[in-house]
Structures are given as C-alpha cells and as structure tokens.
Amino acid sequence: MIEPQDAAARRAIKPVICYPVETLPVPDMASLTHARATLTKVDEVLIPPRDARCFSVPAGHFFRITSVEGSQVGDLNLWAERDLTERFYSGKTRALHGTHITTGQRMWSSFPHLRPMATITHDTLGWYGKDAFGGSVHDVIGTRCDPYTHNLLAGGQYHQCCHSNLTRALAAHLNVPVQQAEPHVHDVLNVFMCTGFTRDTGQYFMKASPVRPGDYLEFFAEIDLLGALSACPGGDCSSEHSSDAAACYPLLVEVFAPDSVILDGITSPERNRYDQSHSS
C-alpha cells in the first residue's frame with residue numbers, strides 16, 4: 001500500500017478529547033473522607049476462588065474489595081438494587097474517566113439513567129499509575145472472560161469463567177434460572193487487573209497484577225446497589241484469564257455504614273434529566 005503524500009501531516013493532527021469533564025459533577029471527597037473515619041462494618045461476603053457471589057450495599061454506605069490470601073483479580077457488576085435495567089455502563093465510564101479508574105472517579109449507570117452509582121474513595125494500588133508497557137490497574141476496557149469467546153477460539157464448554165460465575169451468582173440471588181439471569185450480566189470493572197493496549201497492534205493485554213494481600217479498592221454507594229463479584233479463574237492474570245491451572249484466591253467484600261448523623265444527610269443523585277423525547 002502506498003502512503004499519500006500528506007500522510008505525515010494527517011497523522012500529526014492533534015487529538016481532541018471527546019468528553020471534556022470540566023462541567024462533570026464531582027464528588028465531595030472531603031465529606032467522604034470525613035465519613036470514612038466513622039465507618040462500622042455491617043456485612044461481609046467471601047468470594048470463593050473461581051466463583052462469584054452477590055452482595056447488597058444501601059445508598060450512603062461504603063463497600064471494600066480486598067485481596068485476602070494471594071494476588072487475585074475480580075470482575076465486578078453493579079445494578080440498582082430495585083431495577084436491574086439500571087446497571088454499570090463501562091463504556092461511558094471509560095469515555096468520561098479513561099481506560100482505568102481510581103480514587104475520586106465514578107462508576108456511571110446505563111441509559112436512560114446515566115448517574116453515579118458508586119464513587120471510588122480509596123485505592124491502595126493508586127501508586128501504580130501507568131507502567132512502561134502502558135499498563136494500569138482497575139480497567140473498564142475488558143469485557144470479562146466468557147464461555148462464548150472460549151468456544152469460538154478454543155472449542156469446548158468451559159464454565160468457570162467470570163461471565164458464567166456472575167450469571168450463576170445472580171441466578172441464585174434472584175432465585176431464577178440462569179437463562180433468565182444471564183441478560184442482566186454486563187461488562188465489568190476489572191478490579192486489581194493490570195491491562196493496557198499494545199502500542200504496535202493495539203491489542204488488549206494483561207500482565208501480572210501488582211495486588212497483594214491487604215490491598216483493597218473502596219467505594220461509596222451513591223444509590224442502593226446490588227453487586228456481583230467474580231474471583232477470576234485467571235488468578236492474577238499473569239498468563240491466562242480462564243484456567244483450571246492458575247493459582248486462584250478468594251476476595252473479600254465488606255460493607256460499612258458511616259455514623260447515622262452523616263448517613264441521614266446523604267441523598268442519592270437524580271436520574272439524568274434528558275426528557276427522552278428524541279425529537280419525536
């Protein structure tokens with residue numbers, strides 16, 4: 001293929017940020033820091049290796065995902081607890097905040113709601129930043145390991161992947177068949193996973209997670225949440241993201257309530273104010 005004469009000039013055009021965020025509502029991190037100092041644990045759920053569990057977080061509470069035994073990544077889904085059609089929108093979160101999220105950034109919900117579901121309040125891996133390969137942690141670019149892609153690329157019927165784990169967990173929580181639960185499972189926040197895009201081919205890559213026992217990612221629930229977390233069968237995702245051979249460990253989800261006086265002053269964000277007329 002022959003390049004046009006102005007190829008260099010075309011490549012040199014400066015990029016434009018699609019969604020400038022200067023007008024984006026920002027969380028009151030000072031108030032959240034104050035609330036964090038008053039927390040009392042009210043619930044916990046241990047996620048077994050290569051499996052998933054659901055958990056609930058009332059609005060105004062905090063929840064924390066902790067590595068407890070070894071280097072382990074997790075795939076997180078969030079829904080509005082009383083309306084599963086409102087769920088985490090990884091694509092819009094990525095468009096607003098970038099490919100990886102950390103303290104002070106938010107997980108946004110799907111259309112037509114488009115409001116903050118959870119705000120990250122503390123990240124013990126916040127020091128990692130972006131490495132020499134372009135990798136970083138807590139990505140909103142990977143979709144989740146699933147049996148369909150596995151079948152497409154390798155054949156066979158492999159069920160211990162994050163999509164299936166999340167499907168089984170949600171089905172058990174709702175007491176419905178897996179086929180009824182599966183449409184609600186969606187693209188995830190890859191907690192603790194270290195990922196990026198190769199600079200030559202632009203392919204999604206993963207590498208060994210820097211997470212160690214005691215590291216955690218903590219969130220503030222902006223609305224009443226139902227969550228599901230899968231302890232990925234890839235372990236630290238240093239070689240495979242669906243494997244019976246990788247060393248895998250549990251993840252701990254803890255739910256905390258702030259002081260009741262603080263909790264009484266918390267209100268959930270409104271749903272998006274677009275009128276949904278679509279010029280009809």
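The values are calculated or read from the model by the stated rules, or taken from the named source; none is laboratory data. Predicted model, so just to flag it, every value in this text is computed and none were measured. As a convention, Cβ positions derive from the backbone with ideal geometry for all residues, glycine included, and neighbour counts pool all protein chains shown. For the accessible areas, the whole protein counts, side chains as well, though only heavy atoms, and no ligand, DNA or RNA atoms are used. Shrake-Rupley method; radii C 1.70, N 1.55, O 1.52, S 1.80 Å.
A few remarks follow.
- In nm, spacing of pseudo-spin labels at Asp264 and Glu69 (7 Å Cα→C-beta vector): 4.3 nm
- Our estimate of slack between Tyr19 and Asp275, defined as 0.36 nm per intervening residue step minus the Cα-Cα distance, is 90.1 nm.
- Among Ile17, Ile120, Ile65: highest mean-square fluctuation, GNM of the chain, C-alpha pairs under 10 Å: Ile17
- Taking each residue as 0.36 nm, the span from Ala208 to Asn151 lengthens on full extension beyond its C-alpha to C-alpha distance by 18.1 nm.
- Inter-probe distance in nm under a simple model that places probes 7 Å from Cα toward Cβ, at Arg199 and Phe133: 1.4 nm
- For region 20-66 and region 226-276, distance of Cα centres in Å: 8 Å
- Theoretical FRET efficiency, 1/(1+(r/R0)^6), r = Cβ-Cβ of Leu114 and Glu182, R0 30 Å, to 0.05: 0.80
- Directionally averaged projected area (convex hull, Cα atoms, the chain), nm²: 18.9 nm²
- Rel. contact order, % - alpha carbon contacts under 8 angstrom, at least six apart, the chain: 35 percent
- P(r) weight above 23 Å for region 7-140, C-alpha pairs, percent: 45 percent
- When peptides 191-199, 164-172 are ranked by their average number of other Cβ atoms within 10 Å per residue, the highest-first order is 164-172, 191-199.
- Entry comment: accessible area of region 111-179 is 48 Å² per residue, from protein heavy atoms only and a probe of 1.4 Å.
- Choice from Val73, Val137, Val21 with maximal GNM fluctuation in the chain (Cα, 10 Å cutoff): Val21
- The distance between label points at Arg10 and Ala247 comes to 4.9 nm (points 7 Å beyond Cα on the Cα→Cβ vector).
- Estimated vicinal HN-Hα couplings, Hz - region 71-76 in sequence order (Karplus 6.51, -1.76, 1.60; Gly, Pro = x): 5, 8, 9, x, 10, 10
- Efficiency of FRET from Cβ geometry, Thr38 and Glu240, R₀ 45 Å, rounded to 0.05: 0.60
- Volume in Å³ per residue [convex hull over Cα atoms, computed for region 129-280]: 217 Å³
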